[in-house]
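Some notes on the structure that comes next.
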Amino acid sequence: MCPPGKDVSQNGNIKTLESVGTIFEAEDPDVLQILERARAINVERNRSFEERIDHFEGLSPHGRRSGFNTPGSHTCFETQAMVAEAWENLRRSTVYYRSQPVGTIAAMDHSVEELNYDQVFVRDFVPSALAFLMNGEEEIVKNFLLKTLHLQSWEKRIDQFKLGEGVMPASFKVIHNPVTNCEILIPDFGESAIGRVAPVDSGFWWIILLRAYTKHTGDSSLAELPDCQRGMRLILSLCLSEAFDTFPTLLCADGCCMIDRRMVRFCLILNDFICNIRFRSSSVAILYLISVLIQGVYGYPIEIQALFFMALRCALLLLKQDQEGKEFMERIVKRLHALSYHMRNYFWLDLKQLNDIYRYKTEEYSHTAVNKFNVIPDSLPDWVFDFMPTRGGYFIGNVSPARMDFRWFCLGNCVAILSSLATPEQASAIMDLIESRWEELVGEMPLKICYPALESHEWRIVTGCDPKNTRWSYHNGGSWPVLLWLLTAACIKTGRPQIARRAIELAENRLSKDHWPEYYDGKVGRYIGKQARKLQTWSISGYLVAKMMLEDPSHLESDADKLDSSGVVVRDSNELVLGSCFIPALTVMSPFAAEALAALYGLRFALDLGCMHVVLESDSLTIISKLRSVVDDLFILRPYIADARLVSQAFASCQFAFTPRSRNEVAHCLTHLGQDSAVEMFWVEEVPPQAFALVQADLRCSESP
Ligand code: GLC
């Protein structure tokens, strides 16, 4: 609270955990926190069976397993046996290079043609790596990171064209050269893949995994290696480079991620038109081809945008603060702001937004346009009106001019939750949607890769008549057990472990009996996929990661998955709020920087409002003493502290005062809100609704004699 009779800005700050620098460093992307929590469980591996069952039962917020019918659920013994079998299979999938473990093979099914399933895929290895890390087996992860980094430096060519330096391989294999009697690693950067598409997601997964490794082991020496720093910068250069973009999202080719075949959807009106006439004359056939080239190839798929966001956040924590690193950090911070704004506003769909789009006018011009991308309401597919629950929402598949892919994609939505790309409200709406559309999205086998399937002429045009992607199969509405770990992590993050438990029980009914298939087919995922490999490694490791993450709920309510943040409130001499804001630390690289920036913003705010006499209060002694000091500050804080001092000179009087947190409740509340946000937010002449009551209480306090 401010002393009466003065214009003041108040600054509150909370350290999310007592000890900065522990494995629970507060500024971490959330999935990594969850990973850490899961590790804590593993230490308890020796607990007796009974204890473990009790413990497991205790996961429900109501104390016992409840809320869902589990008639077919496994006994604890069966579950333990399944976990043991999964570990055994995961170990068998290990790939060695010159006697060192370097990854896991995509599938161990030798009954069908191997194609490239005998390779180590970057994206497939992620759940394996997480399982190994949680189990204290770090070597394989380190080797994998180093070997793939080494492969990145290969000169990559497709025909006469040289690919960007930063491209990471989609996969690699170990070849034994009989002549030299030596093993070599052969990467695939897309030159052998179906469609010849370079994997955009590999680089992002690599950065995310590097952060997971660093966080888990507490060993930053790997990430700090000049080669690792360079590898990261090369990946970032590719995705942060300037071009003709008008959006902060990343434009990429179809098939550049987990869905590595053509699956981009485009305007239905055009489809119908083309389909009706496409075989009538050769000129129409040409028209059809042109439309595919223009409309069907490039886009902004949610999976890539969410991974992009998460990788940027991880990179911010991994980059060294040398000259080069700092330049990238500045670019990352700017991009994170723009990207989260764009995604949260334009990719988000709930009942209200759907209704708004349904009523959109088209042909709007200039800055006042509501229908910014000129989406034609008639292109809204029928199914989305039935699919959208009253409560709930999701990030749609793709947004570009006049084109919205309304399909629900699992990976993108889960990663959006884990990375805090989704606001807390959006994260919880996604979970609401999963609950209310359980039959459609989870059915008998978790989890639909996307919903709904494309059928008939739409399938023909969108997939190019792909026989593997027929309706409700594979990438076209198939059910992928690997997605279980992402769902579980999202459930934990949103405090809904019971949803994950229910999904895991479903998987346990069949996964092992069916020999861990790659995917399931059918509307509810009842059938083993038509061309699904058995013993698919990421189905195995995804299950293990989900199990391990869910095993310990004790950290669910903790602040460990929050960001550091600083809250500011500016009041006048009558205690009335003139403005408020919060600044998450991640957007400015460190908790102290957030505190310093909060002070600077508060002062600027007060100056804009014409305040003459100011007392800036903060519960951070460090910041107060730095503001009072005349000595130049550390590298990272210097600009903020110097600016704050400069602004302070513009007032008739300005003091810096330390205030204990208990006297700073509103700022403290703002700080809490900021912990769930990836971007800073401002309120003019008000505070966010969550802080109303505290402001009222302060006012009552100051009015009482
Ligand atoms: C399929 C999947 C791809 C995966 C690969 C290896 O091509 O679409 O995401 O990485 O198989 O499992």
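General observations
- Filter pass, residue 172 being closer than 16 Å to residue 238 by Cβ and of a type in the set (Phe, Trp, Tyr): no
- Filtered residues of the range 432-481 (kept if surrounded by 24 or more Cβ atoms within 10 Å (Cβ to Cβ) and of a type in the set (Gly, Ala, Ser)): 477, 478, 479
- Close pairs (8 angstrom Cβ cut-off, 6 or more residues apart or separate chains): farther than 13 Å from residue 389 by Cβ and outside any helix (DSSP H, G or I) in the range 342-358, open to solvent by 30 Å² or more (accessible area, probe 1.4 Å) and hydrophobic (A, V, I, L, M, F, W, C) anywhere: none
- Candidates 646, 694 - the one that is in contact with a helix residue (DSSP H, G or I) (Cβ under 6 Å, 6 or more places away or on another chain), surrounded by fewer than 21 Cβ atoms within 10 Å (Cβ to Cβ), modelled with pLDDT of 80 or more and not in a loop (DSSP other than H, G, I, E, B): 694
- Some residue of the range 168-184 being within 28 Å of the chain's Cα centre (by Cα), at pLDDT 95 or above and farther than 25 Å from residue 539 by Cβ: no
- With respect to the conditions (1) in a helix (DSSP H, G or I); (2) at pLDDT below 95; (3) within 15 Å of the ligand (Cβ to nearest atom), residue 263 lacks only one, and its number is (1).
- Filter pass, residue 384 being outside any loop (DSSP other than H, G, I, E, B), crowded, with 16+ Cβ neighbours inside 10 Å and β-branched (Val, Ile, Thr): yes
- Residue among 618, 662, 573, 590 that is open to solvent by 70 Å² or more (accessible area, probe 1.4 Å) and either of a type in the set (Val, Ile, Thr) or modelled with pLDDT under 80 (or both): 662
- Residue in the range 516-526 that is farther than 25 Å from residue 383 by Cα, within 16 Å of the ligand (Cβ to nearest atom), surrounded by fewer than 24 Cβ atoms within 10 Å (Cβ to Cβ) and among the hydrophobic types (A, V, I, L, M, F, W, C) present: no
- Qualifying residues in the range 535-570 (those that are part of a helix (DSSP H, G or I) and acidic (Asp, Glu)) - the one modelled with the lowest pLDDT: 559
- Put simply, of 234, 240, 251, 222 the only residue that is more than 30 Å from residue 372 (Cα to Cα) and within 22 Å of the chain's Cα centre (by Cα) is 234.
- Leading residue by the ranking (surrounded by the fewest Cβ atoms within 10 Å (Cβ to Cβ)) among those in the range 306-358 that are among the basic types (Lys, Arg) and farther than 27 Å from residue 427 by Cβ: 326
- Across the range 222-260, the number of residues qualifying as outside any loop (DSSP other than H, G, I, E, B) and more than 16 Å from the ligand (Cβ to nearest atom) comes to 18.
- Flag for residue 93 being under 24 Å from the mean Cα position of the chain (by Cα), within 16 Å of the ligand (Cβ to nearest atom), at pLDDT 95 or above and among the polar types (S, T, N, Q): no
- Residue that is nearest to residue 670 (Cα to Cα) [pool: residues in the range 598-643 that are among the acidic types (Asp, Glu) and assigned to a helix (DSSP H, G or I)]: 608
- Test result for residue 420, assigned to a loop (DSSP other than H, G, I, E, B) and of a type in the set (Gly, Ala, Ser): yes
- Counted residues, the range 681-698 - those being closer than 13 Å to residue 567 by Cα and of a type in the set (Gly, Ala, Ser): 1
A quick yes/no check of all residues on (1) at pLDDT 95 or above; (2) touching an Asp or Glu at 6+ places or on another chain (Cβ under 8 Å); (3) outside any loop (DSSP other than H, G, I, E, B):
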residue: 74; (1), (2), (3): no, yes, no
residue: 89; (1), (2), (3): yes, no, yes
residue: 126; (1), (2), (3): yes, no, yes
residue: 132; (1), (2), (3): yes, yes, yes
residue: 154; (1), (2), (3): no, no, no
residue: 165; (1), (2), (3): no, no, no
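- Some residue of the range 199-221 being free of Cβ contacts under 8 Å to residues at least 60 places away in the same chain, within 16 Å of the ligand (Cβ to nearest atom) and not in a strand (DSSP E or B): no
- Every residue from the range 451-464 that is of a type outside the set (A, V, I, L, M), under 16 Å from residue 478 (Cα atoms) and not in a helix (DSSP H, G or I): 451, 452, 455
- Residue check, residue 540 within 15 Å of the ligand (Cβ to nearest atom) and either closer than 22 Å to residue 118 by Cβ or open to solvent by 20 Å² or more (accessible area, probe 1.4 Å) (or both): yes
- Subset tally (residues that are closer than 16 Å to residue 189 by Cα and more than 14 Å from the ligand (Cβ to nearest atom)) for the range 102-115: 0
- Tally of residues being surrounded by 17 or more Cβ atoms within 10 Å (Cβ to Cβ) and more than 16 Å from the ligand (Cβ to nearest atom) across the range 175-192: 1
- Single residue of the range 116-172 satisfying the filter (open to solvent by 10 Å² or more (accessible area, probe 1.4 Å) and among the basic types (Lys, Arg)) that is farthest from the ligand (Cβ to nearest atom): 162
- Residues of the range 347-365 that turn out to be in contact with a Lys or Arg (Cβ under 9 Å, 6 or more places away or on another chain) and at pLDDT 95 or above, as a count: 2
The values are calculated or read from the model by the stated rules, or taken from the named source; none is laboratory data. Just so we're clear, the structure is a prediction, and the values are computed from it rather than from any experiment. Positions of Cβ are generated from backbone atoms using ideal geometry, with glycine treated the same way; all protein chains shown enter the neighbour counts. Remember, those area values only see protein heavy atoms, side chains included, never the ligands or the DNA or RNA. Shrake-Rupley method; radii C 1.70, N 1.55, O 1.52, S 1.80 Å.
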